[in-house]
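Shown next, in C-alpha cells, is the structure this report addresses.
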Amino acid sequence: MVVMNNRSEIREFLASRRAKLTPAQVGLPTFGGIRRVPGLRREEVSLLAGVSVEYYTRMERGSLAGASDSVLESISRALRLTEAEHQHLFNLARAAGPAPRTRRQPAKAIDASIQYILDGMTGIPAFVQNGHLDVVAANELGRALYSEAYQDQAQQLNYARFVFFNPRSHSLYTDWNLAADTVVAMLHAEAGRDPYDRCLTDLVGELSTRSEEFRQRWAQHDVRHHRSGVKTIRHPAVGDLELHFNALELSATPGLTMFAYSAEPGSSSEDGLRLLSSWAATNKATQPDPDIEGHRTTWNALRR
C-alpha cells in the first residue's frame, strides 16, 4: 500500500533523482572507494548546489519548508532536473508548509459552454479530464476513439483505472508501457501540487493495491508534463490511428484540461478519423458493440 505524504515524497523524489546521475555526467571526478549506492553521493550534490552537506541532507530527509527559490534552483541544476521535475520540486516545497484549512476538490463536471465547444469540434476527438485523470466530458468522436474504455462503465471513466485494470487498454495502445508510464508520471505531478488531496491518495492506494505494474512505476518517482505529442491508437473498428494531441488548460475551471487529437492532413490516419466519425454516427460509443469484428471487416474493405 502506497502512503502519500509531503515529507516522504520529497525524500524519495530527491533520492531517486540523485541515483540517476553519475559523477562523470556532472563533470565530477569519482572520489575514492566503492560506491555502496548508485548515482551521486549527497556530498557531491551539495558541492554542485553550493550548499552545505548538512543542509542538503535535511532537505533530502523531507524538510523543504523555508527553502528559498535560489536554493531550490541550485538543487534543480545540480540534479539536472527536467522542466517537469523542476516544477515538481517547487510544488513540493510550497506544499511543505502547514496544510491549508480548505481542501481543493477535483472538478467532476464542466460548464455547459465547454460541452458546446467540444460538440462543435467535429472531425477532432476531444475530451476534458481533471488532475485525477477522471474524464469529465468528451465529444462524440472522443468517445468513439476511446470506445474500448467506455464499454461496461458503471462509473465515471478514469484514465488511470482503464490503463491498469482493463485488459482492453493493452490492445488499444500500441505502446502500452509508454501509456502506463505517462499515467503514473501525471499522477505523481498532481500529488506534488496537492499532497493533502484525499481523493488522490485513495486513487493511488487503489491502483497500488491492485496493480503491481502501477506500484513499480510509482516507486520510480518520475514526473512529466503531458502537453503535446503523438500517440498511436489501435481502434478495433478502423485500425491504427497516429494522432497528434495538444492540451489546453481551462482557466475558467482550474484543474481541468482539454485534450484534442488531430491527424496529419492527407495521411491514412486522417482517413481513419473520417471512418471513425461514420462509425460513431451509427454506433453509440458508450455501449458495447456485439459485432465489432463485422465493423472491422466493413471498414477495412472501405479503406481498400
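The values are calculated or read from the model by the stated rules, or taken from the named source; none is laboratory data. Bear in mind that the values here come from a model prediction, so they are computed numbers and not experimental data. Glycine gets a Cβ as well: all are built from the backbone with ideal geometry, and neighbour counts include every protein chain shown.
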- Result of the Cβ filter at 8 Å on the stretch 199-228, keeping first residues that are part of a helix (DSSP H, G or I) and partners that are of a type in the set (Ser, Thr, Tyr), at least 6 apart or interchain, is Phe214/Ser208; Arg215/Ser208; Trp218/Ser208
- Query: Which residue pairs have Cβ atoms closer than 6 Å, lie 6 or more positions apart in sequence or on different chains, and pair a first residue in the stretch 247-265 that is within 12 Å of Val135 (Cα to Cα) with a second residue that is surrounded by fewer than 16 Cβ atoms within 10 Å (Cβ to Cβ) and of a type outside the set (Val, Ile, Thr)?
  - Reply: Thr257/Ala247; Thr257/Glu249; Met258/Leu248; Phe259/Ala247
- Item | Residue among Tyr150, Tyr196 that is within 18 Å of Leu241 (Cβ to Cβ), touching a residue at least 24 places away in the same chain (Cβ under 8 Å) and not assigned by TED's automatic domain parsing to the domain that holds Glu85 | Tyr150
- Message: Tell me yes or no: at least one residue of the stretch 247-254 is at pLDDT 95 or above, in contact with a Leu (Cβ under 9 Å, 6 or more places away or on another chain) and buried (at least 16 other Cβ atoms within 10 Å of the Cβ).
- Response: no
- Message: So if I check each of Ala189, Ala179, which one is surrounded by fewer than 21 Cβ atoms within 10 Å (Cβ to Cβ) and in contact with a His (Cβ under 8 Å, 6 or more places away or on another chain)?
- Response: Ala189
- Scan the stretch 230-259 residue by residue and report those that are in contact with a Phe, Trp or Tyr (Cβ under 6 Å, 6 or more places away or on another chain) and in a loop (DSSP other than H, G, I, E, B). Ala237, Val238
